[in-house]
Every structure is written in C-alpha cells, then in structure tokens.
Amino acid sequence: MTTDLLTTAGQHTKKIDPELVRRCIEPGATTPEAMTIFEAGRAIAREIVGDNGPEDGIRQRCVVATGDPAIKDLLVFSNDPVKAGIGAISAGATIYTDIRMVKTGIIKKGHKCQIECVLDIEGAPKLAQKLGITRTSAGFLSAAQGLENSIVVIGNAPSAAITVSRMVEYGIRPVMIVAVPVGFVNAAESKEKIRKIDIPSIICTGTRGGTPVAVACINEMIIMSGKV
C-alpha cells in the first residue's frame, strides 16, 4: 500500500467532533470518525422521532439504520417488549435469528447471550426437505424447546414469523420477539400474527422491514441493558 494512497484515501470522511466522540456509547463505533458519524446521525434521528423513553430510542436507531424517517411510524410495541427484552438480555437468554445476516449484525459486546441462526441448527435442512417448507421455518421447528425463554429476532422470513406464532399457540414461550420480515408475500400478515399473540413483541406494519430494522431493535436493547 503506497504512501500516496494512504494520504489521499485514508482521510476522515467527516470532521471529528470531540463532543460527539465524548458522548458516544455505541459499542460498534471504536474510532473517533465512527463515533462522530454515529452520534451525528443519532442527533438527527432524535429530532425526527423525539426522545421520550426507550421505545423512542429504538425508533431512533431504526431511522438511522434505514435512512427512512417514516419507519418510526411503522413500529408497533406490544406487551412491554423493551422491558422483557432488556431483562432477557441481562439474564443471558439465547437469541435465535432467522438468517445469518441478522446474527452477524447483532452486537457481540456487553452481554453474555449466545446468538444462534436457526439455519445452522442440526436437522433443519432435512426437515425442510421432508415437509417441503422454508429452511427458516424448519430451523425454528428444529430449535423447538430451545425457544423457551429465548429472544427471537426475525428480519427476513415471513414464513418463520408465521411458524413461530404457531409454535406459541402450541405452548412454546419465547421471552420476546422482534419480527420485522420484509416483502410482498406474507410479510404484513406474518407480523400481524406475531402482534396478536400474548408474547412481548416489536413488529413493523406493512411490507417494509428487513435485517437493518431487526438488528437495530435488538442492538438498541443490548445497549440499554448495560445501563440498568
């Protein structure tokens, strides 16, 4: 790597603001530039969303993650999910995700939770073939009793959200569910099914959502858990 390349391309993309660096508590931001960028974006999100409690904190992070102010009005919090989620994270509950991208995005610092992607659970691929269902649905079915007292985070697969809602009807009880799958087929319907069960949940209405929203929700609760 040449000196010219380092000098030209390796410059800060935003002027470092010492005050933003000082107040940054984002575990993923470990350099002054990253801290400045994160806090500058968060300040804009606070203006868009407001700052009236933990739910607004999650809305802010989702706005930053998506670059979409409208996402704040799509999030629905049912049965006090923030309290349930923070308590479960503090207790070291296992976090189950529908896809590896969600697992990868979840903060690994500041908690003792094990993070599992259901696609990697033994027996899930064979079960998917046997039943002719999606791999994510088969993954959650293969997790079975492991979902008890866990946190479920679904960012991509509507089929997984529908399957989890059915599992709850059969008596399997996660502590809380983040369900924000995206798409035009079953996405809106699957989130409504999660909202209607008696498990603490965060969903977003309609067809929007996705991995950035799912990761933003759980990561904000992880950060909050370190403050209580």
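Express the accessible area of region 89-228 per residue in Å², computed with a 1.4 Å probe while the remaining protein chains stay in the model.
44 Å²
In the chain, which longest range has no chymotrypsin sites (Phe, Trp or Tyr not before Pro) that are both DSSP loop (not H, G, I, E or B) and surrounded by at most 12 other Cβ atoms within 10 Å? Walk me through the numbers before you get to the answer.
On the way: sites that count: Tyr170, Phe184.
Within the chain, the longest run free of exposed chymotrypsin sites (Phe, Trp or Tyr not before Pro) spans 1-169.
Scaled against the 2.2 N^0.38 Å expected of a compact globular protein of N residues, the Cα radius of gyration of region 1-113 reads 1.29.
Can you return the aspartates and glutamates within cross-link range of Lys109? Criterion is Cα-Cα under 14 Å, with same-chain partners fewer than 8 residues away left out. Partners within reach: Glu26, Glu220. For an R0 of 45 angstrom, estimate the FRET efficiency from the Cβ-Cβ distance between Arg100 and Thr3 and round to the nearest 0.05. Calculated transfer efficiency: 0.75.
If you plug the beta carbon distance of Thr30 and Lys130 into 1/(1 + (r/R0)^6) with R0 = 41 Å, you get a FRET efficiency near 0.35. Three semi-axes describe the equivalent ellipsoid of the chain; taken as square roots of 5 times the Cα gyration tensor eigenvalues and ordered largest first, they are 32, 20, 17 Å. Here region 77-200 is treated as an ellipsoid with the same Cα gyration tensor; its semi-axes, largest first and in whole Å, are 21, 17, 14.
Seen from Ala45, the other residues with C-beta closer than 13 Å to its C-beta sum to a net charge of -2, counting Lys and Arg as +1 and Asp and Glu as -1.
Here's the list of lysines a cross-link from Lys193 could span, going by alpha-carbon distance under 27 Å and ignoring same-chain residues fewer than 8 apart: Lys72, Lys83, Lys103, Lys126, Lys130. Note on the chain: helix-only mean residue ellipticity at 222 nm, from DSSP H runs of 4+ residues weighted -39500 (n - 2.57) and normalised by residue number, equals -15000 deg cm²/dmol. The packing ranking of peptides 175-182, 8-15, 61-68, highest mean first, is 175-182, 61-68, 8-15, where packing means the average number of other beta carbon atoms within 10 angstrom of each residue.
The values are calculated or read from the model by the stated rules, or taken from the named source; none is laboratory data. Quantities reported herein were computed from a predicted structural model and do not represent experimental measurements. Methodologically, a virtual Cβ is constructed for each residue, glycine included, from the backbone with ideal geometry; neighbour enumeration extends over all protein chains shown. Please note that ligands, DNA and RNA were not included when accessible areas were found on the heavy atoms of the full protein model with its side chains. Shrake-Rupley method; radii C 1.70, N 1.55, O 1.52, S 1.80 Å.
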